[in-house]
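A.B. asks: Quick one: the structure is below, questions incoming.
Taken together, the values in this text are just the output of simple stated rules run on the coordinates, not laboratory data. Since the model is a prediction, treat every value here as computed from it, not as a measurement. Positions of Cβ are backbone-derived with ideal geometry, glycine not excepted, and every protein chain shown enters the neighbour counts.
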Ligand code: ADP
Ligand code: ZN
Ligand code: ZN
């Protein structure tokens, strides 16, 4: 007797191969079983998706081996993968295999069995919530948790920075695990660098065996171990970045998406999924409660959690508000200046009134100096790493352009290199202008490296309270390249060794700094006039987040007799974004931005996708998109979907590849999805007919975050 099974294997994007491949098997195989199957000359990992009626005339290759030491992947997991593949327009095999730990691909059945035996421990009991763990909840935390218990959700936990959202997550997880001995919780954070602190908090609370992490900073063996612990139900809590949304968790009952507005939840290659959106879908499918948490929710989630009003039945999320910071006393109004409690006072510095070439205004320097004298910490935030964004020749106008990209190479003084942040092309800084030989080439503009140097000069003669020299530190992608560097740098900040911390958005998010009382954003203007309609939303979120790093410890502030301040240096002090920021009034800002989006028919009132093409020339890229658009004319429902003209990307050329995109938009998500699904095969035809015209690749980005 012979069975025929359909198997998902890793197939190249948009390959002509069908979604699933059929193999013969001498034994029946349950859907979800991991198997090794022959593909071409190789043997690859696959996931059994289902069985088909055996066709005796079909000569099929046979399944090599089943990894039957492992429990099959559940229906819910397969549904999630299938949904993600369909929704984001990728092949099922690609999404399924990318969702599994890479090492599973390499291990033989015997090796896997050994690995599993070593791990076989059984479910871990979580630590009982003992007195040392338990803090008294604030009234707002109590209310939020009570509603979380009673209602179904999904929930949007709209809590100020420092309002104790993490404590709410911990309690929700604790209650669930205490109630249900097989339940599992998934907790997601946007960035790897936020996982250590959170991991420590969860491990202290629940015991280190109950918690595993899943993120791309782990080694393959570590990832496999975590994945197996989640899949077997041993791990009760999985903490991870966006990839964790695909973790196989048979007992999943709760999903937390912290900082749900963060753009890092959107995958930017392969299947361009939103882990936040998939979390909501997954929660619904598996009957798991979902909490999205943020002080500055995405406008999508904010709109989705609007209360009912008049004819509007409201959104489908439940909004839970925690406007007050811990230690400040609750009971104040949500979203208003009074409700902001001890959120930092926002000070705007009008850079038009400063002497030309001012980097840090005198008033800001004085404020930082006062903090140093009192032994407090300050944080200076500049979202641009390197020393200077451009190196230029004053004589002939030469600039440090990247020969491969339509962008400048950034000057890194530390190793005297010019580095392209897009393609990675790196060269030693030339001794003289490559164009005219002028030896006097100079940096233009400023990155974190140069800002750090500048601050060190300015505070060279200032002393800390103990008489020692001021310590300036920098945290950005460059300073944290070495393994463990970020942890040790953060530890230095937490232990009080650092007086002024300079950094990119890496330091603006999430960290629970206790002694920082001043945060300054020195050049936030770049994002004010971006062509991307989400730029103001992102800037507002980032600045609120940064402000949230100041004055997190009310008791410390009181003991110091200090105040939390957020300084903003801008040439556009009249901009409404700053007015809203001053009042910490997210709600008002969101309302005005959403009103504009409604009027303009933009998300969340419309749904978008991008079709992108990469080619040898910009003409070829655009021609592909135009041909694709023409091909779509004949599709059913095409008239419900707007296709805009093809345009170059903001950074048009990267690594000698020209990039163009076409925006596709509809008031109906279903209409957009229908068009994309029927368009897919046509796109492959258009691609084939463009053969030899220099088109390199194309891709679809559904719900794009960057336009
Ligand atoms: P958020 O995630 O909202 O920014 P956190 O959860 O990090 O805030 O809480 C801020 C600080 O307040 C943390 O140091 C946390 O330990 C503390 N905290 C949270 N809830 C309470 C509480 N009920 N009582 C005392 N301290 C609390
Ligand atoms: Zn020159
Ligand atoms: Zn480049």
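A.B. asks: For segment 259-311, state the average projected area of the convex hull of the C-alpha atoms over all orientations, rounded to one decimal in nm².
C.D. replies: Details: hull surface 19.7 nm².
With the hull built on Cα positions only, its mean projection is 4.9 nm².
A.B. asks: Then there is this: Calculated FRET efficiency, residue 454 and residue 316, Cβ-Cβ r, R0 41 Å, to nearest 0.05? Kindly include the intermediate steps, with their values, before the conclusion.
C.D. replies: Details: r = 49 Å, r/R0 = 1.21.
Approximately 0.25, to the nearest 0.05.
A.B. asks: For the ranges 234-242, 696-704, 601-609, what's the packing order if you count other beta-carbon atoms within 10 Å of each residue, average per peptide, and put the highest first?
C.D. replies: Values: 234-242: 25.2, 696-704: 19.4, 601-609: 17.7.
Going from most to least packed, we get 234-242, 696-704, 601-609.
A.B. asks: Further, regarding this structure: Please label the shape of segment 471-625 as rounded, prolate or oblate, based on the square roots a ≥ b ≥ c of the eigenvalues of the alpha-carbon gyration tensor (a/c under 1.5 means rounded; beyond that, a/b larger than b/c means prolate, else oblate).
C.D. replies: Verdict is oblate for segment 471-625.
A.B. asks: For the Cα atoms of the chain, what angle does the longest principal axis make with the long axis of helix 618-632, in degrees from 0 to 90, nearest 10?
C.D. replies: That works out to roughly 50 degrees.
A.B. asks: Given N residues in segment 131-235, what is Rg(Cα) / (2.2 N^0.38 Å)?
C.D. replies: Against the empirical 2.2 N^0.38 Å value, I get 1.14 for segment 131-235.
A.B. asks: Further question: Taking Cα atoms of segment 646-698, Rg/Rh with Kirkwood Rh, to two decimals?
C.D. replies: Over the Cα atoms of segment 646-698, Rg/Rh equals 1.04.
A.B. asks: Further, regarding this structure: Once you have a ≥ b ≥ c as the square roots of the Cα gyration tensor eigenvalues for segment 130-322, tell me rounded if a/c is under 1.5, and otherwise prolate or oblate according to whether a/b is larger than b/c. Can you show the working numbers first?
C.D. replies: On the way: a/c = 1.64, a/b = 1.23, b/c = 1.33.
Cα axes put segment 130-322 in the oblate bin.
A.B. asks: Follow-up. Can you pull the three principal axis extents for the Cα set of segment 390-444, in Å, largest first?
C.D. replies: 28, 24, 16
A.B. asks: In what order do 686, 81 fall by count of nearby beta-carbon atoms within 10 Å, going from fewest to most? Don't skip to the end; give the middle numbers.
C.D. replies: Details: 686 23, 81 27.
Least crowded to most crowded, the residues run 686, 81.
A.B. asks: Follow-up. Ranking request for peptides 422-430, 297-305, 72-80, 573-581: highest mean number of other beta-carbon atoms within 10 Å first, then the rest in descending order.
C.D. replies: Values: 422-430: 14.8, 297-305: 22.3, 72-80: 19.1, 573-581: 17.6.
So the order, starting with the most tightly packed, is 297-305, 72-80, 573-581, 422-430.
A.B. asks: With the cut-off at 1.5 for a/c, could you classify segment 567-707 from its C-alpha gyration tensor as rounded, prolate or oblate? Can you show the working numbers first?
C.D. replies: Details: a/c = 3.64, a/b = 1.66, b/c = 2.19.
Judged from the Cα gyration tensor, segment 567-707 comes out oblate (a/c at least 1.5, b/c at or above a/b).
A.B. asks: Between 0 and 90 degrees, rounded to the nearest ten: what's the tilt of helix 275-286 against the longest Cα principal axis of the chain?
C.D. replies: Compared with the principal axis, the helix lies near 50 degrees.
A.B. asks: Moving on. Note the per residue figure in Å³ for the convex hull of the C-alpha positions in segment 3-118.
C.D. replies: Details: hull volume 12.7 nm³, N = 116.
Value for segment 3-118: 109 Å³ per residue.
A.B. asks: For the pair residue 65 and residue 30, how long in nm is the line joining their label points, each one 7 Å along Cα→Cβ?
C.D. replies: Distance between the two pseudo-spin positions: 2.1 nm.
A.B. asks: In whole angstrom, note down how far apart the Cα centers of segment 516-590 and segment 623-656 are.
C.D. replies: When both Cα centres are located, 37 Å separates them.
A.B. asks: Could you give the distance between the Cα centres of segment 19-75 and segment 262-324, to the whole Å?
C.D. replies: 37 Å
A.B. asks: Compute the distance from the alpha-carbon center of segment 670-687 to that of segment 373-389, in whole Å.
C.D. replies: For segment 670-687 versus segment 373-389, the Cα centre distance is 47 Å.
A.B. asks: Any chance you could list P(r) for the chain, counting all Cα-Cα pairs in 20 angstrom bins from zero, rounded to whole %?
C.D. replies: 15, 46, 33, 5, 0
A.B. asks: Give me the angle, in degrees from 0 to 90, between the Cα long axis of helix 535-547 and the longest principal axis of the Cα atoms of the chain, rounded to the nearest 10.
C.D. replies: Once rounded, one gets 60 degrees.
A.B. asks: Arrange the following residues from fewest to most other Cβ atoms within 10 Å of their Cβ: 454, 511. Walk me through the numbers on the way to the answer.
C.D. replies: On the way: 454 16, 511 22.
So the ranking, lowest neighbour count to highest, is 454, 511.
A.B. asks: Could you order peptides 412-421, 94-103 by the average number of other Cβ atoms within 10 Å of their residues, highest first? Before the final figure, lay out the partial values.
C.D. replies: Numbers: 412-421: 16.2, 94-103: 20.7.
Packing order, densest peptide first, comes out as 94-103, 412-421.
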